[in-house]
Amino acid sequence: MKEFLNFINGEYVKNVSGKMFDDINPVNGQVIGKIYEAGRPEVDAAVAAAKAALKGDWGRISVVERAKLLDAVAGEINRRFDDFLQAEIADTGKPASLASHIDIPRGAANFQIFIDTIKSTATESFNMRTPDGKTALSYGVRVPRGVIAVVCPWNLPLLLMTWKVGPALACGNTVVVKPSEETPATATLLGEVMNAVGMPKGVYNVVHGFGPDSAGAFLTSHPDVNGITFTGETRTGSAIMKAAADGVRPVSLEMGGKNAAVVFADCDFQVTIDTLTRSCFENAGQVCLGTERVYVERPIFEKVVAALKERAESMKPGLPFEKDTKIGPVISKEHQEKVLGLYKSAKDEGATIVTGGGVPDMPEELKGGSWVQPTIWTGLPETATVVTEEIFGPCCHISPFDSEEEVLGKVNANRYGLATAIFTQDISRANRLAHQIEVGLCWINAWFLRDLRTPFGGSKQSGIGREGGVHSLEFYTELRNVMVKF
Ligand SMILES: NC(=O)c1ccc[n+]([C@@H]2O[C@H](COP(=O)([O-])OP(=O)(O)OC[C@H]3O[C@@H](n4cnc5c(N)ncnc54)[C@H](O)[C@@H]3O)[C@@H](O)[C@H]2O)c1
Ligand SMILES: O=C/C=C/C=C(\O)C(=O)O
């Protein structure tokens, strides 16, 4: 039975309490590991190690030396690609075809992009004449914020953790990572990488556990934490904001979404269906950017429903490393019950079930897994539960629209504002809509296509702040102004 230890000050440690919890494989519901829950002693030790590291070699080396270390981290992740692939899949059950193209490659890319950013981003300077006829020069200096708490979700564990650890370390901070209780493996494995490249002890730390009354809450309320970056549910983000308020620490929040796709009759139909199949069902719908509301211009509504139905029914569930597996389970029995409960609410509220709505018939040895069917509904009002609330499963509601004004009103009438995908050949119309839709991210004839230099984040209840390229420097550094008179 694999054991997942906390990683503190460059060493793997268990805990004082002896408390452990199960790591479960969602493919078959089997316990595949034991995780040592970090209590206050472990969280205190991790924060202390991170704080001490700031004053050690890590705080003294140059940007170029820091960049070399992070480049070595990226290289070691790539060298141990298969180890990270196996670890991520054991925790999530996602298809190997998905993890090997999305999750693991971004593990290294999330370090590389910020190495480039810190080496190429200048700070501003201003010259002024002083009243007494002399000159004054002002210039900006970016300094690390300090100890950063990194609290992560379970849907893209390595990708989303390194999306924060990469810039945090590139900017000279130290981190204490709290992975999701569902997915301890890749954050734990990254500790081996840090030691292998000679990262100073205490720069990267990992504490395992839950949220309230556990490692998550102990970490985000710790007085020596200087900033908190969080990805997860909106209600959790709200709780973390409250914790951050004591001690007045900044937060960067990437949270829930109820993302729409808008499909016009003039769209490239094949591109649209290919893309919507990904945005609705990829990662078993467990992508914050995923589409759960599809609005289709009436002339092609039936055609889109039929095409997506066919795609949904072609997504074969199965073992992660089987080549014909197109979709995995959701992360846990608890999440399966949540998704199936929302499937039931759609039925109870009068939805037409185009396909799915339940649990796929799996082989005996997989029946213990947390499987749900890719599901499509039509016929519900905009007020229906599955049209307004985030499900975070492989499902979508499709409805027709007749005008830009109508669909714009429907898309914006939601408390979330994370992402939208617009499909049309009329680029003026696409950009006109993109400027009016209240989200942080808008794709036109694409989805989840990422340029890591761009700002990433949500509006309304989907987030606070932007991360990506130079935008991450705003959170992971403080900008000090120095003025010299001569
Ligand atoms: N906007 C984005 O970029 C993005 C990306 C991925 C997932 N998400 C969202 O995340 C959710 C799914 O992930 P999840 O179920 O892991 O989210 P979650 O909010 O349940 O948990 C996220 C992390 O927060 C920790 N946590 C929970 N309560 C806490 C507390 N009170 N204090 C400190 N830490 C606490 C958890 O242990 C976990 O590590 C979905 O809502 C999805 O939309 C958003
Ligand atoms: O599930 C949410 C996905 C978030 C993706 C990113 O943060 C990214 O691509 O950097």
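Residues that are β-branched (Val, Ile, Thr): find the helices (runs of 4 or more DSSP H) completely inside the stretch 31-113 holding 3 or more of those.
On the way: elements: 40-55, 57-60, 63-79, 81-92.
Counting at least 3 such residues, we get 63-79.
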Q: Among the residues of the stretch 294-327, write down those that are out of contact with any helix residue (DSSP H, G or I) (no Cβ under 8 Å at 6 or more places or on another chain), part of a helix (DSSP H, G or I) and under 18 Å from residue 269 (Cβ atoms).
A: 298, 299, 301, 302, 305, 306, 309, 310
Q. Residues of the stretch 339-352 being in contact (Cβ under 8 Å) with a residue 12 or more places away in the chain and under 30 Å from the mean Cα position of the chain (by Cα), which ones?
A. 339, 340, 342, 343, 345, 346
Q: Starting from the stretch 308-321, take each residue that is open to solvent by 40 Å² or more (accessible area, probe 1.4 Å) and list its partners that are acidic (Asp, Glu), counting only C-beta distances under 8 angstrom and pairs at least six apart or across chains.
A: 316/324
Q | Hits in the stretch 400-416 - residues which are open to solvent by 10 Å² or more (accessible area, probe 1.4 Å) and over 27 Å from the mean Cα position of the chain (by Cα) | A | 400, 402, 403, 404, 405, 406, 409
Q: Taking residue 78 as meeting all but one of (1) over 20 Å from residue 170 (Cβ atoms); (2) of a type in the set (S, T, N, Q); (3) open to solvent by 70 Å² or more (accessible area, probe 1.4 Å), write down the number of the exception.
A: (1)
**Q.** Residue that is nearest to ligand 2 (Cβ to nearest atom), among those in the stretch 133-153 that are in contact with a strand residue (DSSP E or B) (Cβ under 9 Å, 6 or more places away or on another chain) and in a loop (DSSP other than H, G, I, E, B)
**A.** 153
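Each row is one residue, and each column tells you yes or no for (1) open to solvent by less than 60 Å² (accessible area, probe 1.4 Å); (2) under 29 Å from residue 362 (Cβ atoms).
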site: 6; (1), (2): yes, no
site: 18; (1), (2): yes, no
site: 25; (1), (2): yes, yes
site: 47; (1), (2): yes, no
site: 51; (1), (2): no, no
site: 57; (1), (2): no, no
(Q) Being within 16 Å of ligand 2 (Cβ to nearest atom), under 28 Å from residue 101 (Cα atoms) and not basic (Lys, Arg) is true for just one of 322, 313, 334, 282. Which residue is that? (A) 282
Q) What is the residue count in the stretch 349-376 for residues that are outside any loop (DSSP other than H, G, I, E, B) and either closer than 23 Å to residue 234 by Cβ or not hydrophobic (A, V, I, L, M, F, W, C) (or both)? A) 5
Q: Look at residue 344 and say whether it is farther than 24 Å from residue 153 by Cβ, part of a helix (DSSP H, G or I) and in the same structural domain as residue 313 (by the TED database).
A: yes
Q.
Cβ-Cβ under 8 Å, sequence separation 6+ or interchain: first residue in the stretch 198-215 and under 13 Å from residue 6 (Cα atoms), partner in a loop (DSSP other than H, G, I, E, B) and within 16 Å of ligand 2 (Cβ to nearest atom). Which pairs?
A. 206/179; 208/179
Q) In the stretch 451-467, what count of residues is obtained for those that are assigned to a loop (DSSP other than H, G, I, E, B) and touching a residue at least 60 places away in the same chain (Cβ under 8 Å)? A) 7
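The values are calculated or read from the model by the stated rules, or taken from the named source; none is laboratory data. Computed from a prediction, not measured in an experiment: that's the story for all the values here. Note: ideal-geometry Cβ built from the backbone for every residue, glycine included; neighbour counts use all protein chains shown. Accessible surface areas use protein heavy atoms only, side chains included; no ligands, DNA or RNA. Shrake-Rupley method; radii C 1.70, N 1.55, O 1.52, S 1.80 Å.
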